1. Is the stretch 88-111 home to any residue that is charged (D, E, K, R) and under 22 Å from SER66 (Cβ atoms)?
2. Would you check which residues across the stretch 26-35 are over 8 Å from the mean Cα position of the chain (by Cα) and not charged (D, E, K, R) and list them?
3. So which residues in the stretch 68-98 are closer than 30 Å to TYR111 by Cα and in contact with a helix residue (DSSP H, G or I) (Cβ under 7 Å, 6 or more places away or on another chain)?
4. Cβ-Cβ under 6 Å, sequence separation 6+ or interchain: first residue in the stretch 81-105 and on the phi > 0 side of the Ramachandran plot, partner modelled with pLDDT of 85 or more. Which pairs?
5. Using the structure shown, decide if SER58 is loosely packed, with under 12 Cβ neighbours inside 10 Å, at pLDDT 90 or above, of a type in the set (Ser, Thr, Tyr) and more than 29 Å from ASP29 (Cβ to Cβ).
6. Quick one: is ALA27 buried (at least 16 other Cβ atoms within 10 Å of the Cβ), modelled with pLDDT of 90 or more and assigned to a helix (DSSP H, G or I)?
7. Which condition from (1) closer than 30 Å to ALA30 by Cα; (2) surrounded by 11 or more Cβ atoms within 10 Å (Cβ to Cβ) is the one that GLY102 breaks?
8. Quick test for you: out of SER108, SER135, SER121, pick the one residue that is assigned to a helix (DSSP H, G or I), more than 22 Å from ASP63 (Cβ to Cβ) and either of a type outside the set (Lys, Arg) or free of Cβ contacts under 8 Å to residues at least 12 places away in the same chain (or both).
Amino acid sequence: MANMNFSGFDQLIGKLQTMGKVGDKIANDALKQAAQVIVQAQKIDAPRHQGGPANGKSEHGADALSVGRVTTSRSKNKYIQIGITDASVWEYAKGIYFLHHGFYNHISNKYIAGSQWMDTSFEKASKQASDIMISALQKELKF
C-alpha cells in the first residue's frame, strides 16, 4: 500500500465555496431587479377605487405590492416572492387579492370570479423582466 500526501485541498475547497457565494449573490440581485419590473407593472394594473382608498383606508391595495425575499428550494432553484409580501398590509391589500382570486359573496350566495389581473400583468412584464435578468447575469459574469 502506498502512502500519498495531498496538500492544497483546504484552499481549493475554500475558493470553491467563495465562488458559490458570489454566484448566489449575483443570482439574487438579478432576481430582485427582474422582480422590481413585475411589481411596477402590477402596481399600474392593480384594480383601484375611484377617488381614493376605500372605507377610510389611507392607502390603495396596489401600494402594498412589493418585492419579497429570495428563497432557494431543496433542488437549488431560486424563487422570489412578488406581490403582497407582508402580513401587516393585509387590511388594505385584501381587496386586490380577492379581486384576483375571486370570492364567495354570502349575501347574494354567489361566487364572484376573480379577474386574474396579476397573471395578466405578469405576462405583460415578463419579457422585460427576463431581459433585465439576463443582462444583469451577463454583466456580472462578464459574457
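1. yes
2. Listed by number, the residues that qualify are ILE26, ALA27, ASN28, ALA30, GLN33, ALA34.
3. ILE82, GLY83, ILE84, VAL89, TYR92, ALA93, GLY95, ILE96
4. Cβ pairs passing all conditions: GLY83/LEU65; GLY102/ILE112; GLY102/ALA113; GLY102/GLY114.
5. Considered against the rule, which asks whether it is loosely packed, with under 12 Cβ neighbours inside 10 Å, at pLDDT 90 or above, of a type in the set (Ser, Thr, Tyr) and more than 29 Å from ASP29 (Cβ to Cβ), SER58 comes out as no.
6. On the way: buried (at least 16 other Cβ atoms within 10 Å of the Cβ): yes; modelled with pLDDT of 90 or more: no; assigned to a helix (DSSP H, G or I): yes.
When the stated conditions are applied, ALA27 does not pass them.
7. (1)
8. Answer to the check: SER135.
The values are calculated or read from the model by the stated rules, or taken from the named source; none is laboratory data. Just so we're clear, the structure is a prediction, and the values are computed from it rather than from any experiment. Glycine also receives a Cβ, built like all others from the backbone with ideal geometry; neighbour counts cover every protein chain displayed.
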